[in-house]
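Trainee: Before anything else, here's the structure in question.
The values are calculated or read from the model by the stated rules, or taken from the named source; none is laboratory data. Because the structure is a prediction, the values reported are computed rather than measured. FYI the Cβ positions are ideal-geometry reconstructions off the backbone, even for glycines, and counts take in every protein chain you see. Side chains included, ligands, DNA and RNA excluded: accessible areas come from the protein's heavy atoms. Shrake-Rupley method; radii C 1.70, N 1.55, O 1.52, S 1.80 Å.
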Amino acid sequence: MNKQPTRRSTLLAAAIGAVLVFGAVTQVNAQTASERSAQRRASKDSGKPAKQENQYPNATRTAPEAKASSKGGAKLQKMMDAFDKEKFPEARSQADAIIADTGLNPYERSFAAQIGFQVAYDADDNKAAIEYLKKAIEINGLDNNAHFDRMFVLAQLQLQEEQYAESLATMDRFLNESKSTKPEHLIVKGNALYRLERYPDAAKIIKQAVDASPEPKQEWLQLLMASYVENNQGAEAAKVAESIAAKNPNDKRAQMNVAAVYSQADMLDKAAAVLEKIRASGQFTEDKDYRQLYATYLNLDKKEKEAIGVINEGLQKGVLKPDYQAYVALAQAYYYSDQTGPSIDAYKKAAPLAPDGETYLNLARVLWQEDRIPEAKEAAKQAIAKGVKKPEDANKILALKGK
């Protein structure tokens with residue numbers, strides 16, 4: 001029996017979500033039946049399987065002879081017939097029998113483990129898929145291309161299953177034995193290190209992957225940026241964010257990430273400037289957009305008026321939700337910009353929405369300062385009714401002279 005072509009399953013480990021929210025996204029792309037048929041036809045037309053380039057020329061592993069025996073070949077052919085006809089339970093059962101038969105050679109058993117993996121993975125049985133890959137590697141019967149490819153797939157599948165320590169161990173073995181320095185391999189190790197919260201180590205190897213790639217993928221840069229952020233390397237994170245944004249000037253998320261990184265690095269002026277450009281372009285279409293900008297202004301000195309403008313615009317457009325957080329921020333911005341009347345109006349909207357009576361108490365204090373004693377007393381009553389940490393403060397207002 002001729003050696004069967006390797007059936008590859010490519011896993012892509014990526015890490016990026018919304019603004020500085022990172023989560024693993026892993027995919028496996030398995031061959032369809034039509035793709036397998038086309039592969040077989042190509043092999044038959046040429047008279048022999050296509051010779052594959054050695055993908056791991058510096059590997060320390062000596063590849064075994066990857067050849068089926070007459071006995072094992074017939075069993076592999078039967079298994080492959082079931083697999084190609086998409087009789088997957090039957091193919092998996094035959095794969096299990098081949099793997100268990102120690103009288104067959106390592107190539108035959110390792111190859112069967114590959115098919116077992118593919119069937120298990122297609123059935124969403126990731127636990128079994130991982131075990132099949134481990135068997136394919138442990139039996140050690142595949143050529144270097146297939147052997148190391150299976151190891152790499154195993155590391156990625158472990159990453160997907162949140163087996164981060166196991167994924168890192170697999171990648172360490174893979175890189176040590178294959179001697180690969182390919183960026184697409186290094187990035188998976190970096191991802192595992194990031195998930196393990198080993199941020200300095202993650203940043204080092206992810207940067208190595210990025211530097212080794214003529215066109216590093218955006219998700220790699222985002223993962224590097226996240227590693228820098230988590231490691232409190234704000235300046236380095238900002239540089240990466242800026243490079244992503246420069247390549248994607250019309251990508252709102254890329255621009256928002258720049259602003260978020262600036263905020264993390266305490267570069268609030270720069271964060272506000274980036275966010276204002278996005279707002280001016282009409283891309284503030286979500287509640288969180290307005291919140292990010294007004295929060296940035298409120299953390300800057302003497303930027304209360306700018307925060308007020310942002311909040312009011314968001315409310316008027318119906319994009320910013322008229323909730324407690326928005327109204328209390330507005331009330332505070334008015335108060336600290338010496339606009340007491342509008343501050344009181346905003347506090348009156350915020351207080352009924354507050355989780356406790358503290359906002360009513362603040363309203364009472366501001367009303368007291370304005371000598372609006374009856375209104376201050378009423379607000380103090382509401383504060384006590386909703387609950388405050390220091391009822392005595394509200395009672396002082398209730399004890400004031402005046403109706």
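Trainee: How much solvent-accessible surface does residue 195 expose, in Å² to the nearest 10, with a 1.4 Å probe and all protein chains in place?
Mentor: Only protein atoms counted, so the area is about 40 Å².
Trainee: Another question, if that's okay. With N set to the number of residues, divide the alpha-carbon radius of gyration of segment 83-126 by 2.2 N^0.38 Å and report two decimals.
Mentor: Cα-based Rg divided by the globular estimate yields 1.10.
Trainee: Sticking with this structure for a sec: A 20 angstrom limit on the alpha carbon distance is what I want to check against. Which of 277/305; 207/239; 134/189; 303/349 exceed it?
Mentor: Over 20 Å apart, Cα to Cα: 303/349.
Trainee: Under a Cβ-Cβ cut-off of 14 Å, what is the net charge of the residues other than residue 388 that fall near it, where Lys and Arg count +1 and Asp and Glu count -1?
Mentor: +2
Trainee: Checking the cross-link filter: which lysines have an alpha carbon closer than 21 Å to that of residue 85, excluding same-chain neighbours under 8 positions apart?
Mentor: Output for residue 85: 3, 44, 75.
Trainee: Checking the cross-link filter: which lysines have an alpha carbon closer than 17 Å to that of residue 348, excluding same-chain neighbours under 8 positions apart?
Mentor: Candidates past the 8-residue exclusion: 321, 377, 381, 386.
Trainee: Now for a different question. Report the relative contact order of the chain, percent, no decimals, based on alpha-carbon pairs under 8 angstrom and at least 6 residues apart.
Mentor: Relative contact order of the chain: 9 percent.
Trainee: Tell me the relative contact order for segment 275-326 as a rounded percent, counting alpha carbon contacts under 8 Å between residues six or more apart.
Mentor: 34
Trainee: Give me log10 I(q)/I(0) at q = 0.13 Å⁻¹ for the chain, Debye formula, one equal scatterer per alpha-carbon, no solvent.
Mentor: These q points yield log10 I(q)/I(0) values of -1.04.
Trainee: Moving on. Who wins for biggest fluctuation among 316, 255, 218 in a Gaussian network model of the chain, springs between alpha carbons below 10 Å?
Mentor: In the Gaussian network model the winner is 316.
Trainee: OK, next. Mean-square fluctuation check for the chain, GNM, Cα pairs under 10 Å: which of 272, 95, 123 is largest?
Mentor: 123
Trainee: Tally up the carbon and sulfur contribution to the accessible surface of segment 135-195 as a whole percent, 1.4 Å probe, everything protein left in place.
Mentor: 42
Trainee: What does the convex hull of the Cα atoms of segment 250-403 come to per residue, in Å³, rounded to a whole number?
Mentor: 112
Trainee: Whole number please: convex hull volume per residue, Cα atoms of segment 311-397, in Å³.
Mentor: Taking the convex hull of the Cα positions in segment 311-397, it is 81 Å³ per residue.
Trainee: Also, I was wondering about something else. What whole-number value in Å² describes the accessible area per residue of the chain for a 1.4 Å probe?
Mentor: That works out to 50 Å² for each residue.
Trainee: I need the shape label for segment 152-197. Rule: rounded when a/c is under 1.5, else prolate if a/b > b/c, else oblate, with a, b, c from the alpha carbon gyration tensor.
Mentor: Prolate, because a/c is 1.5 or more and a/b exceeds b/c.
Trainee: Can you give the calculated 222 nm mean residue ellipticity of the chain, where each DSSP H run of n ≥ 4 adds -39,500 (n - 2.57) and the sum is split over every residue, rounded to the nearest 500 deg cm²/dmol?
Mentor: -21500 deg cm²/dmol
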